[in-house]
Structure formats: structure tokens, C-alpha cells
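Just below is one structure, and these are the notes that go with it.
The values are calculated or read from the model by the stated rules, or taken from the named source; none is laboratory data. Keep in mind it's a predicted model, so treat the numbers as computed, not measured. A quick note on method: Cβ atoms are made from the backbone with ideal geometry, for glycine too, and the neighbour counts reach across all protein chains shown.
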């Protein structure tokens, strides 16, 4: 197995709210410890604010607005990942809680009822963990029903 094949089959399992999700490991830049969240008066529900990581300003997206989980401040970390939105690569931070782990496995196709931001499922014992496509998820967060009417992009 080549390094590229190995990276393609590696995933980071995270807890977002009360649910578990998998994210492709090659998209993850870091799991950041809790740092100061900078909020602004024009912040929309999908954008909680920004954090500064390694000299870059990274928007923090409230993925639970789309994923339907509850927000939790227990053991809060930020999953900082690169996603491709509208043809450009952007960093995005998503609050995650609980423990995270790196796993390998073959992604299975999603079922017909899965939302577009679920690119497949990852078998993990008796569970089937949804795999997030962060680019589509970020695009979903940008939809007019979830974003500001002021035209401020995420």
C-alpha cells in the first residue's frame, strides 16, 4: 500500500455535540486546544467567531446548526481543517468535544437518504460513522437560510 492510499483511508473520529463523525485525516490541519474565540456583532449563527491559529484567522463554524447536535463546552477543542469551497481552499474550525482518534478503514457509499455533506460511512465495529465532506458542509452553512443577510461571507 502506498502512502497516498494509506492517507486516503485514514480518518479522524470526532464528537460534534452528541454525535460521532469521521473526517478525512489528510484534510485535518490540527486539533487545537481551547483558545480565545473572537466574536463580532455581525456574527451569524453558523459562524461563532474566529480563532487565530499559527498566524492565520480561522472562522469557527457552528456545525451543530446543520448536524443537529447539541453544543457542549465540555472538553472543547477545535478541529482545524482545510476545505474546498467555491474552487478555493480555506481553513475552517469546527468545535468538537470529547476524545478524538485516528482510524483506518474503507469508506462505504452513503445511503440514499443521507444529506449531501455526508460522503459515506465508515464501519467501526457495530457502528457506521458518517464521513463529513467539509467543503459541502461549509457550503451548506453559507446558504441564505443560515447565513447573514448582510452579505458577509463565511
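Data table
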read-out	value
Residue selected from segment 30-49 under the condition assigned to a loop (DSSP other than H, G, I, E, B) and within 20 Å of residue 77 (Cβ to Cβ), by the criterion modelled with the lowest pLDDT	46
Residues satisfying the stated conditions in segment 92-134, i.e. touching a helix residue (DSSP H, G or I) at 6+ places or on another chain (Cβ under 8 Å) and loosely packed, with under 11 Cβ neighbours inside 10 Å	102
Residue, modelled with the lowest pLDDT, within segment 50-75, restricted to residues that are surrounded by 15 or more Cβ atoms within 10 Å (Cβ to Cβ) and in a strand (DSSP E or B)	61
Filtered residues of segment 115-126 (kept if assigned to a loop (DSSP other than H, G, I, E, B) and farther than 16 Å from residue 63 by Cβ)	125, 126
Count of segment 76-114 residues which are without any contact (Cβ under 8 Å) to a residue 40 or more places away in the chain, assigned to a strand (DSSP E or B) and within 19 Å of residue 138 (Cβ to Cβ)	2
